[in-house]
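Student: If you scroll down you'll find the structure; I have some questions about it.
Nothing in this text is a laboratory measurement; each read-out follows from the coordinates by a stated rule. Worth saying up front: this structure is predicted, and the values here are computed from it rather than measured. Please note: Cβ atoms are built from the backbone with ideal geometry, for glycine as well, and neighbour counts cover all protein chains shown.
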Amino acid sequence: MFISRNWGLELWLQFLLLAVLNFTCSPGFVQLSNEYINDIKADEAAEQANGEYNYDQQGNDWQGTCQDGLQQSPIELIYSKANVTSISRIRFYNYDQPLQSPLVLTNNGHTANMVLPPTRNGQRAYINGGLLPGSFEAQSVHFHWGSPNSKGSEHTINYERYDVEMHIVHKNTRYADKTVGEASMFADGLAVLGVMFKAVPRLSSQHTGLVRIFNQLPLITEYQSSTMVNGRLTAGQLLGNIITGRFYSYNGSLTTPDCAESVTWTVFQDVVELPRRQIMKLWNLQDSRRYPLINTYRDIQDTNGRPVYYRNLQ
Ligand SMILES: [Zn+2]
């Protein structure tokens, strides 16, 4: 299913909601829960609340905390400068459980974004361990990318920038009654998992979930267009089959306005390989000005003496 920007996400969601209410018995019709639709609306509202911004100057023109903050992201992740310590691994819960409904994939003018519904057992996928100050539930997923002649990850690892960086945004369970935006006002509000993607000539291993998502990208080239990713994905499928035992972790911020300093970052060292022809699909997205949505990464920020930790165990 696809709808153009003329109709808009809001109306499309209204339509889906009505369709769900009216046709719940009709076989084959995809059902999205009210809860999921409300989460998508809240995510969109939070996105709008941060006003217009773009990547024309890689974020150097963004104001407020983006300009004044001392714990900003992304940063360079460098093995020789990291505190290599024995920290526990990241523990994943319900990451192997199918999500309750198909995912809605949206071009919000800054990225390709998917709000994650709970899993079929009613619980959300969540994580703890590592340096995380609590348990954090998976809320949404989006990507940062480059262009035909530049790479677009936000963090760099040992001075290397990767083609794409995926962010899985999680919210601390102690703020269960708050939105992601509200939780971002607390230092321990959010946890983001960063996963690097590398473009390869051809697929070495099948990443069914990711390929399904990337195959839908041509349907959301226009600003505010949405589509569905059919099939019941698991949150775990987003990770390809990376080794999650090796990662960098530090305290930082959101990498888009308002750059709230509320994020415990975990960036995995292992990289997902995706065919270049899949990654190319990101470069065709357009922003609200109908300009190509490319190089959607923020410049590297000062660490300002913040410790960066590295876990070096499988
Ligand atoms: Zn991001």
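Student: Across segment 35-89, what is the number of residues that are aliphatic (A, V, I, L, M) and touching a strand residue (DSSP E or B) at 6+ places or on another chain (Cβ under 6 Å)? Walk me through it before giving the result.
Tutor: We begin by selecting, within segment 35-89, every residue aliphatic (A, V, I, L, M); these are 37, 40, 42, 45-46, 49, 70, 75, 77-78, 82, 84, 87.
Retained after the next criterion (residues that are touching a strand residue (DSSP E or B) at 6+ places or on another chain (Cβ under 6 Å)): 40, 77, 82, 84, 87.
The number of residues fulfilling the criteria is 5.
Student: Given the criterion closer than 16 Å to Val192 by Cβ and surrounded by fewer than 17 Cβ atoms within 10 Å (Cβ to Cβ), identify the matching residue among Gly122, Gly129.
Tutor: Answer to the check: Gly129.
Student: Looking at segment 168-195 only, could you name the residues that are of a type in the set (D, E, K, R) and more than 16 Å from the ligand (Cβ to nearest atom)?
Tutor: Arg174, Asp177, Lys178, Glu182, Asp188, listed by residue number.
Student: Under the condition of being touching an Asp or Glu at 6+ places or on another chain (Cβ under 6 Å) and outside any strand (DSSP E or B), which residue from segment 147-164 is surrounded by the fewest Cβ atoms within 10 Å (Cβ to Cβ)?
Tutor: Restricting to residues being touching an Asp or Glu at 6+ places or on another chain (Cβ under 6 Å) and outside any strand (DSSP E or B), the top hit is Lys151.
Student: Please enumerate the residues belonging to segment 142-167 that are among the small types (Gly, Ala, Ser) and either within 15 Å of the ligand (Cβ to nearest atom) or touching a Lys or Arg at 6+ places or on another chain (Cβ under 9 Å) (or both).
Tutor: Gly146, Ser150, Gly152, Ser153 - these are the residues of segment 142-167 that are among the small types (Gly, Ala, Ser) and either within 15 Å of the ligand (Cβ to nearest atom) or touching a Lys or Arg at 6+ places or on another chain (Cβ under 9 Å) (or both).
Student: Checking the condition under 24 Å from Pro117 (Cα atoms) and touching a residue at least 12 places away in the same chain (Cβ under 8 Å), which residue from Leu239, Leu274, Leu293, Leu313 passes?
Tutor: Step by step, each of Leu239, Leu274, Leu293, Leu313 is checked, and only Leu239 is under 24 Å from Pro117 (Cα atoms) and touching a residue at least 12 places away in the same chain (Cβ under 8 Å).
Student: Something else: Which condition does Ile294 not pass, out of (1) in a strand (DSSP E or B); (2) in contact with a Pro (Cβ under 9 Å, 6 or more places away or on another chain); (3) of a type in the set (A, V, I, L, M); (4) surrounded by fewer than 21 Cβ atoms within 10 Å (Cβ to Cβ), if it passes all the others?
Tutor: The number of the failed condition is (1).
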